[in-house]
1. Of all residues in the stretch 234-249, which are under 15 Å from V205 (Cβ atoms) and either hydrophobic (A, V, I, L, M, F, W, C) or free of Cβ contacts under 8 Å to residues at least 12 places away in the same chain (or both)?
2. What pairs come out if I take residues in the stretch 659-679 that are farther than 27 Å from N596 by Cβ and pair them with residues that are away from ligand 2 (no atom under 12 Å from the Cβ) and of a type in the set (S, T, N, Q) whose C-beta lies under 6 Å away, six or more apart or interchain?
3. So, of the residues in the stretch 551-584 that are more than 25 Å from D687 (Cβ to Cβ) and charged (D, E, K, R), which turns out to be nearest to ligand 1 (Cβ to nearest atom)?
4. Would you mind stating whether I600 is assigned to a helix (DSSP H, G or I), over 26 Å from D300 (Cα atoms) and either touching a residue at least 24 places away in the same chain (Cβ under 8 Å) or among the aromatic types (F, W, Y) (or both)?
5. Specify which of the listed residues (T439, T430) is within 20 Å of M492 (Cβ to Cβ), under 33 Å from the mean Cα position of the chain (by Cα) and touching a residue at least 12 places away in the same chain (Cβ under 8 Å).
6. Search the stretch 403-462 for residues being away from ligand 2 (no atom under 16 Å from the Cβ), among the β-branched types (V, I, T) and within 30 Å of S669 (Cα to Cα), and hand back the single one that is surrounded by the most Cβ atoms within 10 Å (Cβ to Cβ).
7. Within the set of pairs 6 or more residues apart or between chains, which connect a residue that is within 14 Å of D621 (Cβ to Cβ) and aliphatic (A, V, I, L, M) inside the stretch 641-655 to a residue that is within 15 Å of ligand 1 (Cβ to nearest atom) and in a helix (DSSP H, G or I) with Cβ atoms less than 7 Å apart?
8. Has the stretch 561-577 got any residue that is farther than 19 Å from M550 by Cα, touching a residue at least 12 places away in the same chain (Cβ under 8 Å) and within 16 Å of ligand 2 (Cβ to nearest atom)?
Amino acid sequence: MAQLHNLGFPRIGKKRELKFAVEAYWAGKSSLQQLQQQGQAIRAENWALQADAGIELLPVGDFAWYDHVLSTSLLVGAVPARHQTADGNVDIDTLFRIGRGRAPTGCACAASEMTKWFNTNYHYIVPELSAEQTFKLTWTELFTQVTEAQQLGHTVKAVLLGPVSYLHLAKCAGKEFNKLTLLEKLLPVYQQVLAKLAQQGVEWVQIDEPILALELSAEYQDALKNSVAALAGQGVKLLLASYFDSVQNYYADIASYPVDGVHFDCVAGDLDVNELDALLSEQQVLSLGVVNGRNIWRADLEAIYTNINAIAAKRGNNLWLAPSCSLLHTPVDLDEEEKLDDELRSWLAFAKQKGQELALLNSALQSGDTTAIIAYSEPVKARLTSTRVNNRAVQQRVSGLTNAQGQRANPFAVRIEKQQAALDLPLLPTTTIGSFPQTQAIRKARRDFKAGNLSAEHYKQYMQAEIRYAVEEQEALDLDVLVHGEAERNDMVEYFGELLEGFAFTQFGWVQSYGSRCVKPPVIWGDVSREQAMTVAWTEYAQSLTSKKMKGMLTGPVTILFWSFIRDDLDKPTIAKQIALALRDEVVDLQNAGINIIQIDEPAFREGMPLKASQWQAYLDWAANAFRVSASGVNDETQIHTHMCYAEFNDIIAAIADMDADVITIETSRSNMELLTAFEHFAYPNDIGPGVYDIHTPNVPEIAWIKALIHKAAKKIPVQRLWVNPDCGLKTRAWPETRQALDNMVKATKELREEL
Ligand code: GLN
Ligand code: ZN
């Protein structure tokens with residue numbers, strides 16, 4: 001009979017208990033002891049949830065107070081010098097300091113950078129390693145947690161981020177060097193960890209090497225071989241795990257690794273299970289990740305059964321079944337949801353339910369009786385053909401999309417002349433990115449309206465008053481292109497999801513984004529359509545208050561897609577086109593309502609990049625096309641803006657040009673305009689608004705400093721094509737600093753207009 005295991009479980013708790021526990025500790029409202037107890041309770045509940053569902057081998061080491069890569073850094077003693085204390089002590093405060101940049105002494109030492117964990121929306125803390133880095137077994141929480149699980153009577157499988165992936169994810173502190181030179185210093189610490197786990201009676205250790213899903217240099221491939229060889233024979237059995245994409249390129253290597261088992265992601269990788277079976281010997285454990293660990297859909301157990309039945313019969317105990325990857329990326333428990341209708345609920349499965357799915361599958365494999373799995377898979381099949389999911393009109397519109405609809409009628413050079421004539425803006429036009437401070441009062445009004453405690457009429461009046469306030473402020477500041485301020489938006493994706501057809505929202509469908517931050521992605525379950533205008537009334541109202549130009553504000557198709565849980569029965573390009581068409585109608589409606597500047601935000605554009613570089617171009621093509629579909633329904637005179645936050649632009653600069661927005665605003669101030677170099681070298685042809693101040697802090701930028709940045713920008717981009725704006729939206733800021741900062745921004749610009 002196959003064995004069931006999990007690569008990892010959501011650590012935040014059913015109701016985000018971990019978030020509230022660590023935030024209370026940070027705020028000094030709870031003691032270390034309380035925090036430790038709360039963590040222990042979450043782990044105990046997680047193990048119980050998994051065990052009750054039928055998972056036999058439970059992961060230990062997947063829990064983290066902040067991030068599992070950061071825990072690994074502490075495990076091996078890689079603490080950046082600025083976060084070390086005089087006594088050399090490394091504890092939970094060290095960990096939080098690295099993640100959050102705050103020391104107990106009160107001094108603020110810059111937090112370590114964070115970046116996206118492969119192609120997920122989870123962010124990890126980037127290890128900072130120097131060429132002289134040494135490693136030492138330091139943070140021993142893993143062993144405590146193993147004991148904890150054992151005392152609860154669970155069978156433990158320890159989980160470690162593999163040494164080669166760890167090095168790959170790290171950055172060089174100080175001057176660049178080949179990080180792989182550190183491997184021989186790192187491996188002895190891992191060996192020590194394995195030996196200790198063996199002493200604790202742990203039979204299996206899962207070594208995660210997710211970099212196998214990338215396209216690796218020969219050097220990294222060799223490093224993996226050496227690493228696996230060094231970790232074998234330390235008294236525990238090794239399960240090498242990869243996930244997030246296929247590892248086909250390395251089949252030969254994997255087959256040669258001296259490990260006791262290998263886990264494959266059969267969902268993302270779309271792998272042939274028979275090929276995998278042939279790769280490993282009969283003594284080795286073949287672990288198949290058959291249930292999708294990244295989404296929230298109920299699995300088609302019947303299909304999985306058919307696919308793996310023969311292998312299960314043959315391999316018996318040496319077949320393990322699991323979700324495709326750690327369940328870190330799914331919410332905990334569908335049973336907590338009270339507001340989903342029965343049909344929708346029958347289509348879904350969260351982390352707990354995914355464990356139950358494996359158990360159901362396993363008993364069918366054992367008995368040969370498929371009645372239960374056929375019944376379970378019924379709704380999955382029903383969803384595919386449901387009239388609720390399928391909207392013929394949307395499907396026909398997508399398949400009828402012409403190339404012309406994905407392009408503005410005329411090239412930028414023609415458009416910009418007409419726009420300049422129509423808009424009559426000064427040199428270096430000033431604008432903002434969209435949102436203004438979201439005060440407590442604004443949030444309360446939205447909450448009250450949602451809860452039914454504020455009538456639609458009163459809500460409208462309240463929001464209009466906020467818009468009026470934002471417009472008056474902007475007029476007083478003498479900004480050139482105004483915005484309505486986004487007071488009515490709780491979140492830039494959720495706002496649109498709630499107004500579009502085909503989206504659902506959960507109550508507790510949280511997933512960790514970074515540290516204590518969680519997001520609750522909407523669920524795109526059906527064909528997406530727009531029944532009515534979503535932003536026109538607010539924007540029109542805002543425009544009615546001023547003779548200056550009001551900029552409409554939308555979230556782009558790529559961003560809506562990547563910040564949602566998406567359907568698994570349609571490919572991403574098609575879903576993106578559906579969203580793009582809905583937005584296209586909104587863009588045209590805005591234009592018809594007299595809005596001549598429309599911004600379509602795409603902060604997630606870069607995030608969508610596939611793991612394998614050879615697939616980047618195909619992604620960039622469809623993503624840019626989706627953006628253009630949303631933007632191209634308008635006249636030449638209507639100016640389309642887009643916005644992206646901080647990103648490495650080099651890889652995507654051609655695609656950004658391909659998006660063909662008339663103006664792009666980007667986050668550049670912290671890079672001191674260095675990020676503009678990509679645009680300069682590419683000779684990016686359209687207009688650009690490089691952010692001139694950081695909106696992540698309340699600090700007010702000085703006029704001279706802003707001027708210096710614009711000067712720097714003007715060396716890279718012709719000044720006629722430059723806009724002046726902050727780095728990003730101002731929703732997290734308060735009014736006093738916002739007012740002062742924008743005032744300085746406008747003053748700096750005015751001075752430059754005289755000087756240039
Ligand atoms: N228009 C959005 C805002 O200003 C953009 C947010 C973002 O880029 N993430 O808030
Ligand atoms: Zn932004």
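The values are calculated or read from the model by the stated rules, or taken from the named source; none is laboratory data. From a predicted model like this one, the values you see are computed outputs, not experimental measurements. Using ideal geometry, Cβ is built from the backbone for each residue, glycine included, and neighbour counts are taken over all protein chains shown.
1. V236, L238, L239, L240, A241
2. What qualifies is A678/N650.
3. K572
4. No; evaluated as a whole, the condition is false for this residue.
5. Within the list T439, T430, the selection yields T439.
6. Within the stretch 403-462, the match that is surrounded by the most Cβ atoms within 10 Å (Cβ to Cβ) is T430.
7. Close Cβ pairs satisfying both conditions: I652/R606.
8. yes
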